[in-house]
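One structure below.
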Amino acid sequence: MKILIYDARDYDRESFERANVGHQLVFTPKKLSAETAKDAEGFDGVCIFVNDQAQFPALNVLKQIGVNWIGLRCAGFNQIDLSAAKNLGLSVSRVPEYSPEAVAEHAFALLLSLNRQIHRAHSRVREGNFSLEGLVGFNLHKKTIGVIGAGKIGKAFCRIAQGFGMVIQVFDPGLTPQSAKEINVKLCDLLTLFKSSDIISLHLPLNEQTKHIINKEALDMMKRGAFLVNTSRGALVDTSSLILALKSGHLGGAALDVYEEEGPVFFDDHSAEILQDDQLARLLMFPNVILTSHQAFLTHEALDEIALVTLSNAERFEKGEWTHLTAKQGKLV
Ligand code: NAI
């Protein structure tokens, strides 16, 4: 099968070439959009990532030029209009699970860095400043952590939090009391979680219901000084309200791997340009915000698994298995 891999970087090329058995793979750094969709002329399928724009205009072009398969090399699927894809008769697959631990471990790396101010300490000592003033953190031990969404990544995150001796409370309408008991966490409602957590970590998908689940009301309810960790999707958080909560000092800090408007900037080097996104610029100015560029998935293990599963999805399509994702659960039907 001839596949055009959009938004590809060297690490994608390496893992896909390692996993490839007989497909013709072409890599492009361009993101999929209505304009770049025509680059896929002559290809059977395209492979896309989290910030490609697979809305109707791009999908329509793909269909017209003979592309029939779209492989998402990620777990989330908010970047694609699934019903448009289905109506156009495009087969869509994703990688529902590759390495939940990769994401959960990164979430903890961010949390630990934020709390113990590793990002600031690192800059200081490199400048010859060995002062500890202003670097006081708190013990995670016995603190209450609120986890919103306890699927594969949320559960992996809870396992790590257990190792730190934290009190874990979870809001996830999909988690039964029995499952909560099995993973040794307390189930609670969203308001309780907002009001009583020292740290809140998001591990739920982005969709119409969950967009801006962290808004002004939610932030106002949080304990003064609470931390927010978001390694899921940027638009789960209303960035304007987040900035206000940080400016007022009500929110103690934010550890972010994703950002609402990350599409135009993340994954590329813009260091020689003037940053045009004022909200992003503001976030980067806070000493109590740590931000990475959607890299929580980026481990050797995860990349290899993503490549293997994506290419096996392509093989299933080649053998005549036509798959669609449902917008509701992301399940293949
Ligand atoms: P999953 O499908 O295993 O778990 C999601 C959980 O969220 C489910 O248990 C579901 O019941 C729950 N949920 C759904 N709606 C909810 C709501 N309104 N409130 C609370 N819980 C809700 O998904 P998985 O693999 O754990 O991934 C979670 C998210 O992590 C993905 O949707 C994706 O956006 C993000 N992600 C981020 C990555 C990164 O590199 N930063 C990499 C991979 C995933």
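Going by the structure shown, is residue 115 more than 16 Å from the ligand (Cβ to nearest atom) and either part of a helix (DSSP H, G or I) or under 23 Å from the mean Cα position of the chain (by Cα) (or both)? In short, yes.
When the stretch 91-124 is examined, which residues are found to be in contact with a His (Cβ under 8 Å, 6 or more places away or on another chain) and under 30 Å from residue 68 (Cβ atoms)? Across the stretch 91-124, the qualifying residues are 91, 92.
Taken over the stretch 134-169, residues that are in a helix (DSSP H, G or I) and small (Gly, Ala, Ser) amount to 4.
Just need a number here: residues in the stretch 249-265 that are in contact (Cβ under 8 Å) with a residue 60 or more places away in the chain and either more than 30 Å from residue 138 (Cβ to Cβ) or more than 14 Å from the ligand (Cβ to nearest atom) (or both).
Residues flagged as in contact (Cβ under 8 Å) with a residue 60 or more places away in the chain and either more than 30 Å from residue 138 (Cβ to Cβ) or more than 14 Å from the ligand (Cβ to nearest atom) (or both) within the stretch 249-265 amount to 3.
Among the residues of the stretch 189-223, just one is surrounded by fewer than 18 Cβ atoms within 10 Å (Cβ to Cβ), in contact (Cβ under 8 Å) with a residue 40 or more places away in the chain, within 12 Å of the ligand (Cβ to nearest atom) and under 17 Å from residue 145 (Cβ atoms), namely 190. The strands (runs of 3 or more DSSP E) located wholly in the stretch 1-72 that include 2 or more residues which are under 24 Å from the mean Cα position of the chain (by Cα) occupy 2-5, 45-48, 69-72.
Name the residues in the stretch 2-22 that are loosely packed, with under 13 Cβ neighbours inside 10 Å and not aromatic (Phe, Trp, Tyr), would you? 10, 17, 18, 21, 22, listed by residue number.
Scanning the stretch 62-81 for residues that are more than 16 Å from the ligand (Cβ to nearest atom) and open to solvent by less than 10 Å² (accessible area, probe 1.4 Å) yields 62, 67, 69, 70. Summed over the stretch 154-185, the residues that are within 12 Å of the ligand (Cβ to nearest atom) and small (Gly, Ala, Ser) give a count of 5. Does the stretch 129-137 contain any residue that is in contact (Cβ under 8 Å) with a residue 12 or more places away in the chain, among the aliphatic types (A, V, I, L, M) and within 11 Å of the ligand (Cβ to nearest atom)? No: the stretch 129-137 contains no residue that is in contact (Cβ under 8 Å) with a residue 12 or more places away in the chain, among the aliphatic types (A, V, I, L, M) and within 11 Å of the ligand (Cβ to nearest atom).
Of 86, 142, all but one fail to be more than 16 Å from the ligand (Cβ to nearest atom) and not assigned by TED's automatic domain parsing to the domain that holds residue 257; the exception is 86.
Tallying residues that are in contact (Cβ under 8 Å) with a residue 40 or more places away in the chain and either in a loop (DSSP other than H, G, I, E, B) or crowded, with 19+ Cβ neighbours inside 10 Å (or both) within the stretch 83-100 yields 11.
The values are calculated or read from the model by the stated rules, or taken from the named source; none is laboratory data. Please read these numbers as outputs of a predicted model, since none were measured by experiment. Note that we place each Cβ from the backbone using ideal geometry, even for glycine, and neighbour counts take in every protein chain shown. Surface areas here come from the heavy atoms of the whole protein model, side chains and all, with no ligands, DNA or RNA. Shrake-Rupley method; radii C 1.70, N 1.55, O 1.52, S 1.80 Å.
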